[in-house]
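Following: one structure in structure tokens, then a few remarks.
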Amino acid sequence: MTPKLEISAVTKDYAPLRGGLAVRALDNVAFSVSEGEFVSLLGPSGCGKSTLLMLIAGFERTSRGHISVDGREVTAPGADRGLVFQDYALFPWKSLIENVMYGPLKRGLPRRTCEEIARRYIDLVGISGFENHYPHQLSGGMRQRCALARSVANDPAVLLMDEPLAAIDALTRNTLQEEILRVCDARDGRPRKTVIYVTHSIDEAVFLSDRIVLMSPRPGRVFDIIDVDLPSPRTDATRQHPEFHALTKRIWESLKIYAKPE
Amino acid sequence: MERGTGLSAEKKRPIGRGGAARTLATPSSKPPPQSDPVSTSRMSARQSRSLRLIMLPLLIVALWQLAAEFQLYNTVLLPPPERVATAAWSLLLSGELIRHLVDSLRRIAVANLVAFVTAVPLGILMGRYRPFEDFMDGFLNIIRPIPPLAWIPLAILWFGLGEKSVVFITLISAFFALLINTIAGVRSVDKSLPRAALTLGASQRDVIRDIIVPATLPHIFTGLRIALGVSWMSIVAAELIAASSGLGYMISYYREVLRSDLILVGMLSIGLIGFAMDRGLVWLEGRLLPWRTRLEM
């Protein structure tokens, strides 16, 4: 079986600015992700985790190596790779339902069908009743729920998430972590979503992931891949699980050398 | 370049607060209402604001009239308000004021329409595609510092005295106001928005139509307000020289016959019409872009 997402020997260099040296953001990064897997990219800032996500999304090209989704090489952005942004990136001139309908409409589905899909996903993320509100009228947590609904409603092969909860207050964050897992679960005869999740929070990565790709900075490299064997569904009890603490401790031990002040 | 006057910022704030209040509203499937429950107190706030707005003009008119009554200055050079009002009334009755006003307005409308349909698409392309901007920039930046009035001799050579020359001069000034604001608007679009659209299946063309244009509309509105403002400046100058009708022509005609009261009628008409048009645009923007309140908060 071909992996859902394959990253093979990816290197990304940025051209030097005014006589400086070229910057190597990613160096020979390789791993693969299978269908339905939740994989986090975890590392200190400068480790290239967001760069890698942008390469997978197709906004930038690799300098060397390939990225493929379902066996097709990534060359440009496309609807098969949905993206959830840290700053939500909701269209401010569209109501919530219009935001969620955008992807299905672009797929050429009839308007009525798009509306049904949008309502279903707005309901799924728990913001029904706010369909006709504009993004600026809602809290950050609700906006991110809407952005999540917008991406998942479009049924991407791979869902990319770029620190989606970084700007959310800590209390809402825990709830939203569970919501993300629930929304990505198998439903309507579709398999569980394949997710690539960028974060710099160890707890978050352990709580959410099936596997965690640990990255080190300058240049960005993969230095460890950790399997997370916590029971599902993940709930508040998961956060008390001995394995949860063992894993967060182990990851902290291996990352803390990068947390030193420079 | 953000906006022509401070008026819009003041005007917007109450709307912004209304938006913030609605954030806490209970869920409802209907769109949030335009007016909120505190509208009575807001109404009186608006009335007292209108009162403050009109106070200084009234005071000036009163002092002016008094100064004229007591012969404190030469009333041939500056007739008292009472005479200006009489002159305005007679010009209105004879239809002369309306005729000149309509001529000027028509020229401004044509010039701004042409400027709009050329500058906005050009600005969107220039803002979106860097190489295209580099290609255009050298040329446009040499043309831009030339005052519209410096074009008058050439315009007369090309188009002769009359309508076309005046429209051309007005067009030049409106064009750059719109172009610069459109480019700035495209530049300021949050980079995530086109990216979000692309990952939802939009094509590059969809991105322009669905994302760049609506996201740039507030800046285009600002550009339009500035364009209308500079239109009045250049049209009057153009009409002084190159036309035989319009408010600018009217002013220069009555200068020749030394009717300072009628000159003042022309000047005040421009002031009032310009003000009304600007308010109209602000109102229209509030109606067409209700989501824009976000940017003011």
Distance between modelled label sites at B:T118 and A:D224, nm, 7 Å Cα→Cβ extension
6.6
Percent antiparallel among DSSP beta bridges with both residues in chain A, to the nearest 5?
50
What is the Cα coordinate range of the stretch B:46-90 on the first, second and third principal axes, sorted by size from largest, in whole angstrom?
39, 26, 13
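Kindly put B:I142, B:I263 in sequence by how many other C-beta atoms sit within 10 Å of each C-beta, fewest to most. If you can, show how the numbers build up before the last one.
Numbers: B:I142 9, B:I263 21.
The fewest-first ordering by Cβ neighbours comes to B:I142, B:I263.
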Hypothetical label at B:A150: residues of the stretch B:219-243 whose amide nitrogen lies under 18 Å (7 Å Cα-Cβ projection)
B:234-235, B:237-238
Over 26 Å (Cα to Cα) - which of A:K12/A:K94; A:K49/A:K249; A:K106/B:K191; A:K4/A:K94; A:K49/A:K256; A:K4/A:K106 fall in this group:
A:K12/A:K94; A:K4/A:K94
Using distinct alpha-carbon pairs, which all enter the 1/r mean, Kirkwood radius of the stretch A:78-123 in Å:
11.3
In vacuo Debye sum over C-alpha of the stretch A:217-262, base-10 log of normalised intensity I(q)/I(0) at q = 0.21, 0.32, 0.33 Å⁻¹, listed in q order, is -0.81, -1.21, -1.25
What is the angle, in °, between the Cα long axis of helix A:140-153 and the longest principal axis of the Cα atoms in chain A? Nearest 10 is fine, range 0 to 90.
90
Calculate the dipole size of the protein assembly as shown relative to its Cα centre from +1 charges on Lys and Arg beta carbons and -1 charges on Asp and Glu beta carbons; express the result in debye to the nearest 20.
520
Starting from the Cα gyration tensor of the stretch B:204-292, multiply each eigenvalue by 5, take the square root, and state the resulting semi-axes largest first in whole Å.
38, 15, 7
For the stretch B:253-283 and the stretch B:59-116, what is the centre-to-centre distance using only Cα atoms, to the nearest Å?
5
Based on the mean of other Cβ atoms within 10 Å per residue, sort peptides B:111-123, A:33-45, B:271-283 so the most packed one is first.
A:33-45, B:111-123, B:271-283
Please work out, to two decimal places, the log10 of the ratio I(q)/I(0) at q = 0.07, 0.11, 0.12, 0.14 Å⁻¹ from a Debye calculation in which every Cα of the stretch B:76-291 carries one identical scatterer.
-0.29, -0.63, -0.72, -0.89
Inverse mean reciprocal Cα-Cα distance (Kirkwood Rh) of the stretch A:102-215, Å
15.0
Shielding by partners for A:90-96, please: the mean number of other protein chain Cβ atoms within 10 Å of each residue's Cβ.
6
Volume per residue, Å³, of the convex hull around the alpha-carbon atoms of chain A?
151
Expressed as a percent, the portion of alpha-carbon pairs in the stretch B:170-228 spaced more than 18 Å apart is 39
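How big is the C-alpha Rg of the stretch A:1-83 next to the rule-of-thumb value 2.2 N^0.38 Å, as a ratio?
The stretch A:1-83 yields a ratio of 1.13.
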Note: A:R239 to A:S139 extended length (0.36 nm per residue) minus current alpha-carbon separation gives 33.4 nm
Report, largest value first, the span of the C-alpha coordinates of the protein assembly as shown along each principal axis, in whole Å.
96, 56, 53
Tilt of helix A:96-106 relative to the longest C-alpha principal axis of chain A, in degrees (0 to 90, nearest 10)?
80
In deg cm²/dmol, rounded to 500, what helix-only [θ] at 222 nm does the protein assembly as shown give when every DSSP H run of at least 4 residues adds -39500 (n - 2.57) and the total is split over its residues?
-18000 deg cm²/dmol
Specify which residue in the list B:G185, B:S231, B:M267 is farthest towards the positive end of the charge dipole of the stretch B:76-291, using unit charges on the beta carbon of Lys, Arg (+1) and Asp, Glu (-1), about the Cα centre.
B:G185
Rounded to 10°, Cα long-axis angle of helix A:111-124 versus longest principal axis of chain A
60
Quote the convex hull volume per residue of the stretch A:148-246, based on C-alpha atoms, as a whole number of Å³.
124
What is the dipole size for chain A, taken about its Cα centre, with +1 at each Lys and Arg Cβ and -1 at each Asp and Glu Cβ, in debye to the nearest 20?
540
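Each value in this text was obtained by applying a stated rule to the coordinates, not by laboratory testing. All figures in this text were calculated on a predicted structure; none of them were measured in a lab. Note: ideal-geometry Cβ built from the backbone for every residue, glycine included; neighbour counts use all protein chains shown.
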